[in-house]
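These notes concern the structure reproduced below.
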Amino acid sequence: MPNLYFLFGNDEFAISRKLKDFDSDFTDPTSADMNTARLDARTMTENDLNNAVNAMPFLAKRRLVLLTNPSSKYNNVSSRKKFLEFIEKAPDTTRLVMYETVEPRDAEKHWLVKWAEKNNKLIQTKAFMLPRLKDMTGWIVNETKHQGGQIEPRAAEMLKEMVGVDTRQAGMEISKLLAYVNWARQVKVEDVEAVCIVTSQQSVFDFVDALSNGNGKSAQHLLHRLLETEELFSLWGMVVRQFRLLIQAREILDGRGNKDDMARAVQIHPFVAEKAMQQATRFSIESLESIYRKLLKIDEGVKTSQLTLDLALDTLVLELTR
């Protein structure tokens with residue numbers, strides 16, 4: 001079995017779930033922590049990578065190295081050649097899993113995919129692409145079963161209308177719905193109406209509105225109100241998603257597009273598309289990209305235990321509204 005893996009696609013939820021499968025290969029959580037390295041190619045050094053890959057496992061058969069965004073560092077022919085020569089020599093005691101977001105149109109020509117086609121005995125690849133909107137109802141039904149519950153088709157259709165093809169958001173909503181019915185019965189339409197994201201999403205819109213207006217007091221109030229009802233990392237995912245949507249909306253606006261173009265391009269509900277387009281008018285593309293870089297930096301800091309997410313969110317509000 002290869003010790004090199006490349007996971008790619010635009011379904012970040014599916015990729016993150018697959019990464020957890022690699023984590024579960026360790027039977028002891030303590031040895032898992034000691035034998036797992038998480039690297040982001042955007043910020044790591046070559047020494048970081050070398051030390052992570054070539055270290056010997058401690059009280060375990062192998063080490064696990066998770067490397068995200070390899071294309072951000074290895075972005076030319078010479079650096080890619082050097083990197084590929086390095087990973088070819090990775091010891092059998094290290095499992096190196098590389099992963100990054102790749103859109104379907106770019107998948108076949110991706111440099112790691114093309115290399116893997118010629119070296120399929122060395123590396124295993126797997127694509128994780130978002131379902132089409134028309135297939136999302138079936139995805140929700142299957143995901144509900146995966147989480148140990150059941151959902152009525154009409155309820156799944158309603159949830160699809162709320163989340164579009166955002167599988168991560170759909171997965172979180174399904175978790176909330178199953179907890180709401182206590183896994184005791186099928187999820188119904190009225191459960192979706194009672195529990196799901198319309199209220200939370202509106203609050204996230206309001207939170208971003210307060211940020212765009214420089215209203216720190218209101219933004220702090222809305223943030224802490226959301227924290228009372230939403231799990232911290234679920235809320236974080238919603239905030240990141242919102243700014244990603246705003247970047248896409250701003251690009252469509254700059255290209256003289258409208259809400260219908262937005263709904264089709266991103267495959268989201270027209271209500272969400274309209275709100276995103278309205279909100280994007282308050283930002284320039286430069287300011288949105290700057291905010292998104294801050295979010296990526298926070299995400300990296302949290303994953304490497306350099307930051308706590310609740311404090312980072314409070315700090316973000318202060319930075320964006322001062």
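The values are calculated or read from the model by the stated rules, or taken from the named source; none is laboratory data. Just so we're clear, the structure is a prediction, and the values are computed from it rather than from any experiment. Neighbour counts are summed over all protein chains in view; Cβ atoms, including those assigned to glycine, are modelled from backbone coordinates with ideal geometry. Keep in mind that these areas ignore ligands, DNA and RNA; they rest on the heavy atoms of the full protein, side chains included. Shrake-Rupley method; radii C 1.70, N 1.55, O 1.52, S 1.80 Å.
Key figures
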{"read-out": "Sorted peptide list for 233-245, 110-122, criterion being average Cβ within 10 angstrom, highest first", "value": "233-245, 110-122"}
{"read-out": "Heavy-atom accessible surface of region 95-251: percent carbon and sulfur, 1.4 Å", "value": "49"}
{"read-out": "Farthest toward positive dipole pole in region 147-254 [+1 Lys/Arg, -1 Asp/Glu at C-beta], among Asn213, Trp183, Val163", "value": "Trp183"}
{"read-out": "Highest-first arrangement of 246-254, 52-60, where packing means the average Cβ count within 10 Å", "value": "246-254, 52-60"}
{"read-out": "Modelled FRET efficiency - R0 25 Å, Asp48 with Leu232, Cβ distances, 0.05 increments", "value": "0.35"}
{"read-out": "Sequence-distant residues sharing a close amide H with Asn35 (under 5 Å, placed H)", "value": "none"}
{"read-out": "Placed amide H near Met98: partners under 5 Å, 5+ positions off or other chain", "value": "Tyr5, Phe6, Leu7, Leu67"}
{"read-out": "Two-decimal Rg/Rh across region 81-134, once Rg and the Kirkwood Rh are taken from alpha-carbon atoms", "value": "1.03"}
{"read-out": "Percent RCO, i.e. relative contact order, over region 13-163, from Cα pairs under 8 Å lying at least 6 residues apart", "value": "18"}
{"read-out": "Per residue, in Å², the accessible surface of the chain once ligands and nucleic acids are set aside, probe 1.4 Å", "value": "53"}
{"read-out": "Filter on Lys18/Lys118; Lys82/Lys303; Lys20/Lys118 - keep pairs with C-alpha separation over 32 Å", "value": "none"}
{"read-out": "Per-peptide average of other Cβ atoms within 10 Å, ordering 144-156, 17-29, 255-267 highest first", "value": "144-156, 255-267, 17-29"}
{"read-out": "Amide H contacts of Val187 (H built 1.01 Å from N, under 5 Å, at least 5 apart or other chain)", "value": "Gln150, Ile151, Glu152"}
{"read-out": "Long-range lysine pairs (8 or more apart or interchain), region 137-222, Cα under 26 Å", "value": "6"}
{"read-out": "Nearest-20 debye value, the chain charge dipole, Cβ charges on Lys, Arg, Asp, Glu", "value": "840"}
